[in-house]
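A.B. asks: Just dropping this structure here.
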Amino acid sequence: MGYSEFTIEGRNAVIEAFRSGKTVDKLYVLDGCQDGPIMTIKREARKQDTLVKYVTKERLDQLSETGKHQGVIAVAAAYEYAQVEDILQAAKDKGEAPFIMLLDNIEDPHNLGAIIRTANLAGCHGVIIPKNRAVGLTATVARTSAGALNYTPVAKVTNIANTIEDLKKEGLWFVCADMGGTSMYQLDLKGPIGLVVGNEGDGVSRLVREKCDFVASIPMKGDIDSLNASVAAGVLAYEIVRQRLS
């Protein structure tokens, strides 16, 4: 999968992408550019809640593969996003209690890809990511997920904390990974569950942590203080798998 499949350059091409319903994750616009087509593109971006970044001509030239960006480059999702309802439906279709992974601002595409891969192997029904301040389904994510993106639905939501509230009404309860929690081996992790994985540097944000029913910590023996986000997600996901199988 080449980079070019996911970047769209030039004004008409970008307007076309928005209007055809492509999911555009990010839009790079030449700073200070105010003409008609650019204003149209910005309007479309607002409707879709696309993240807009205003950058210099040098930055656009750097990002451009064709050299004909005309002041605008869109980064489109490599895959279509699912809805949260689709994920719940996937669990229903399999006759299983929902098992969902929620990612609180994962910024590294390799981590996101690895987490989606783990989610797929652990039998997770889907992954939920936030719209802003986090990486979307880029080409790198697709590659790192090693095909898992074709099978594991990923939904994008405006607010992870609110989504947790909504899913609680559907009978899910939530566990997040955090150093200060109860050892995961002492928690009952069966039933309809959401596993919340925090940002690489800061962990789970306070607002999201407060919405969780349990805080689980992974027992560690080593001399370094934490696991990479995707490894932590894998360790916890498999403790959930173990308990679901027992």
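A.B. asks: Exactly one of (1) in contact with a Pro (Cβ under 9 Å, 6 or more places away or on another chain); (2) buried (at least 18 other Cβ atoms within 10 Å of the Cβ); (3) modelled with pLDDT under 95 is unmet by Gln83. Its number?
C.D. replies: Condition not satisfied by Gln83: (2).
A.B. asks: Then there is this: Would you check which residues across region 177-193 are in a strand (DSSP E or B), in contact (Cβ under 8 Å) with a residue 60 or more places away in the chain and either of a type in the set (D, E, K, R) or touching an Asp or Glu at 6+ places or on another chain (Cβ under 9 Å) (or both) and list them?
C.D. replies: none
A.B. asks: Go through region 109-143 and give me each residue that's of a type in the set (Gly, Ala, Ser), at pLDDT below 90 and in a loop (DSSP other than H, G, I, E, B).
C.D. replies: Of everything in region 109-143, those that are of a type in the set (Gly, Ala, Ser), at pLDDT below 90 and in a loop (DSSP other than H, G, I, E, B) turn out to be Ala134, Gly136.
A.B. asks: From Leu167, Leu149, Leu207, grab the single residue that is open to solvent by less than 10 Å² (accessible area, probe 1.4 Å), of a type in the set (A, V, I, L, M) and out of contact with any Asp or Glu (no Cβ under 7 Å at 6 or more places or on another chain).
C.D. replies: Answer to the selection: Leu167.
A.B. asks: Additional query: Can you find, within region 1-59, the residue that is most open to solvent (accessible area, probe 1.4 Å) among those that are assigned to a helix (DSSP H, G or I) and small (Gly, Ala, Ser)?
C.D. replies: Ser4
A.B. asks: Which members of region 149-159 meet the condition of being assigned to a loop (DSSP other than H, G, I, E, B) and over 18 Å from Val241 (Cβ atoms)?
C.D. replies: Pro153, Thr158, Asn159
A.B. asks: If Ala146 meets every condition in (1) of a type outside the set (Phe, Trp, Tyr); (2) over 19 Å from the mean Cα position of the chain (by Cα); (3) part of a loop (DSSP other than H, G, I, E, B) apart from one, which number is that one?
C.D. replies: Single failed check for Ala146: (2).
A.B. asks: Which members of region 14-24 meet the condition of being at pLDDT below 85 and of a type in the set (D, E, K, R)?
C.D. replies: Selection gives Lys22 alone.
The values are calculated or read from the model by the stated rules, or taken from the named source; none is laboratory data. These numbers come from a predicted model, not from an experiment. Here Cβ is always computed from backbone atoms with ideal geometry, including for glycine, and neighbour counts include all displayed protein chains. Just so you know, the surface numbers come from the protein's heavy atoms only, side chains and all, with ligands and any DNA or RNA stripped out. Shrake-Rupley method; radii C 1.70, N 1.55, O 1.52, S 1.80 Å.
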